[in-house]
Every structure is written in structure tokens, then in C-alpha cells.
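Participant: The structure is given below, and queries will be raised subsequently.
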Amino acid sequence: MAGAAPTTAFGQAVIGPPGSGKTTYCLGMSEFLRALGRRVAVVNLDPANEGLPYECAVDVGELVGLGDVMDALQLGPNGGLLYCMEYLEANLDWLRAKLDPLRGHYFLFDCPGQVELCTHHGALRSIFSQMTQWDLRLTAVHLVDSHYCTDPAKFISVLCTSLATMLHVELPHVNLLSKMDLIEHYGKLAFNLDYYTEVLDLSYLLDHLASDPFFRHYRQLNEKLVQLIEDYSLVSFIPLNIQDKESIQRVLQAVDKANGYCFGVQEQQSLEAMMSAAMGADFHFSSTLGLQEKYLAPSEQSVEQEAMQL
């Protein structure tokens, strides 16, 4: 890269709590992008991530290992992970030396799942901020397990965490409800799917909580939390089924819009060919639209069908 003109690069910082599907997302999104013709480099920033299912272009484990830190400093997994991120922050020259030869690739950063790294600890935010100084345009892709929608109290907690993450990370942001293909295993939703993705009038959630003897005592606290979320009016979600190409396409469009990525004619042709082929038997799960129809009332289904015909 010596003497070469700087080239703007694009990518996604994939964040979210443990078990939300970040590594699976990186695998599925990387395969989808390669099918479109993009050159993809997946970067593992999680020193606790072992047995990676994707081809890893850069692995932070080469710089610092969680097990070594825990043994040497007598730290637990949480403290050790924080130390690893602070160590990476102090050695960003190593990361830049690894990323510079990959200019021209689309980056996927598989980040640690420790929540405090994205809500109040400064190391990961500092790393993202420095990468933007290297002319790397990132979008934070925040994954949340969709089964939290079935519990009003947990969903309010997820909204608060998502809002705190958006304010702390300071990147263009896309929130995803992951594992939509499994949501039916947790029971029927109390409201239509749009209610959760668009984060509509949250007073209905308070009414559900009021019926619970435990949460009835915390109504005022929940009202203040809901008011805070609605005052910022920042949080919304895109449903994701990583095995559904249409679902991945919607996510990618939102991410590309957020960080300003523009694709050429060849990629558009690849996308059209892929989506036309996707109507065949390679769909193992129902599409997100099918999930929406499942949880919509019959009257609302007819309205949507009429709108699609128009």
C-alpha cells in the first residue's frame, strides 16, 4: 500500500449480545456477498471465538488470546475480554497492517458479545472511531434474538440496550431481530410483527406488564423507560432469517444505505439472477413476509394483499 492513493473501504461491525447469531450472520452474509461478486474479508475481533465456521482473513487471536490473558492476569472471562479489547486498542498498528493489504474488500467485523463493550466501555468505540480515520466506512449491525418479542419486559430491556448501544458506538446503525425462523417455537406474538420492528406505541406493552403481579409494582419505572425510548425515537428493527435470501437482501440494502455503499450494474444483475433462482426449492424456511402474514390479523392480511395487487 506504500505510495498508493487511499481507497475508501466499506464494511459492517457485527455486534450484539452472546448467542444472538453474530458468527452465523457473518458466515451467511459473506456467502451472500460473494454470490453478488463482492470480495469479502471477514475479520474476527472476538478473542473468545473458537472454531470459526467462515474463512477468516484477520484473527485477533494472533495478537492476544483470552485464555493467555486469564491465566497470566488471573482474570475471569469478562475481565479478560475487556483487557483484550484494551490491548487491541493500544496496538492498532497491528490491525492496520493486517487490513491495509485487503483494501478493495468488503469487511465484516465479527465483534465480541460482551454487552458493556457496546454500552459504556470505551475500547471498542475507540477502535471503530480509529478505523473511520483510515477511510473505512462502517455500519454497526446490532443483532438481537427475536424471541425477546414474546416477553414484554424483556422487549423493553432490549429496546433500552439497543438505544444505549446506538448512542455509545457512534456509527450508522441497523438493528436486526435475528433467528426469525425460530420465533414460532416461542409462542404467538401478542401484537403484529410490525409493532415490534417499527417500535410502535409502547403503552400497549405497559398494559401487558400491568397484568403481571410482579411488574405491577414497577409500572412507574417502566413508564419512564418507555418514555425515554419514545423521546429518542431512534430504535427500529429489521427481521432477519439468515437462511432466507430475501431477508438478507433487505438487511444488505439497509446497511448499504447507511454507510453509502453504491454497487454497479454487474452486482445488480447478479442480485436479480440470485433472487429469481431463490424462488425454487433452496428456501428451507418461510420468508419474512410469510412470518408477518402468520402474525397478522385476517383483516390486515386482506389489506396488505390488496396493496400488493395495486
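The values are calculated or read from the model by the stated rules, or taken from the named source; none is laboratory data. Fair warning: this is a prediction, and the values are worked out from it, not measured in the lab. SASA here: full protein model, heavy atoms, side chains in, ligands and nucleic acids out. Shrake-Rupley method; radii C 1.70, N 1.55, O 1.52, S 1.80 Å.
Participant: Give me the percent of accessible area attributable to carbon and sulfur for the range 48-207, probe 1.4 angstrom. Write down the numbers at each step before the final one.
Facilitator: Values: 3140 of 6810 Å².
C and S fraction of accessible area: 46 percent.
Participant: A further question follows. Rolling a 1.4 Å sphere over the protein heavy atoms, what is the accessible area per residue of the range 1-148, to the nearest Å²? Please report the intermediate quantities before stating the final value.
Facilitator: On the way: 6130 Å² over 148 residues.
Here the residues of the range 1-148 average 41 Å² of exposed surface.
Participant: Roll a 1.4 Å probe over the protein chains and send me the accessible area per residue for the range 182-251 in Å².
Facilitator: Details: 4100 Å² over 70 residues.
Roughly 59 Å² per residue, with all protein chains present.
Participant: Now, a different point. Cα convex hull of the range 25-114: mean projected area in nm², to one decimal?
Facilitator: Values: hull surface 23.7 nm².
In nm², the orientation-averaged hull projection of the range 25-114 is 5.9.
Participant: Moving on. Roughly speaking, what is the centre-to-centre gap between the range 167-197 and the range 6-59 when only Cα atoms are used, to the nearest Å?
Facilitator: 21
Participant: Using only C-alpha positions, report the orientation-averaged shadow area of the convex hull of the range 35-77, nm², one decimal.
Facilitator: On the way: hull surface 14.7 nm².
Directional mean of the projected Cα hull area for the range 35-77 stands at 3.7 nm².
Participant: Taking N as the number of residues in the chain, what value does Rg over Cα atoms divided by 2.2 N^0.38 Å take? Each step should come with its number before you reach the end.
Facilitator: Values: Rg = 20.7 Å, N = 310, 2.2 N^0.38 = 19.5 Å.
In units of the globular-protein estimate, the chain measures up at 1.06.
Participant: Which far-off residues, 5 or more places away or on another chain, put their amide H under 5 Å from the one on H142, with H placed in the peptide plane?
Facilitator: I15, V174, N175, L176
Participant: For H217, what accessible area in Å² do you get when you roll a 1.4 Å probe over the heavy atoms of the protein chains, rounding to the nearest 10?
Facilitator: 150
Participant: What is the range 220-260 by shape, rounded, prolate or oblate, if you read a ≥ b ≥ c off the alpha carbon gyration tensor as root eigenvalues and call it rounded for a/c under 1.5, prolate for a/b larger than b/c, and oblate otherwise?
Facilitator: Details: a/c = 6.54, a/b = 2.17, b/c = 3.01.
Note, shape of the range 220-260 comes out oblate.
Participant: Using only helices, what value at 222 nm comes out for the chain when you add -39,500 (n - 2.57) per DSSP H run of length 4 or more and divide by the total residues, to the nearest 500 deg cm²/dmol? Display every interim value, and only then the final one.
Facilitator: Numbers: 14 runs with 153 residues, N = 310.
The helix contribution divided over the chain gives -15000 deg cm²/dmol.
Participant: In what order, largest first, do D231, D201 sit by accessible area if the probe radius is 1.4 Å? Walk me through the intermediate numbers first.
Facilitator: Working: D231 110, D201 75 Å².
Sorted by accessible area, descending: D231, D201.
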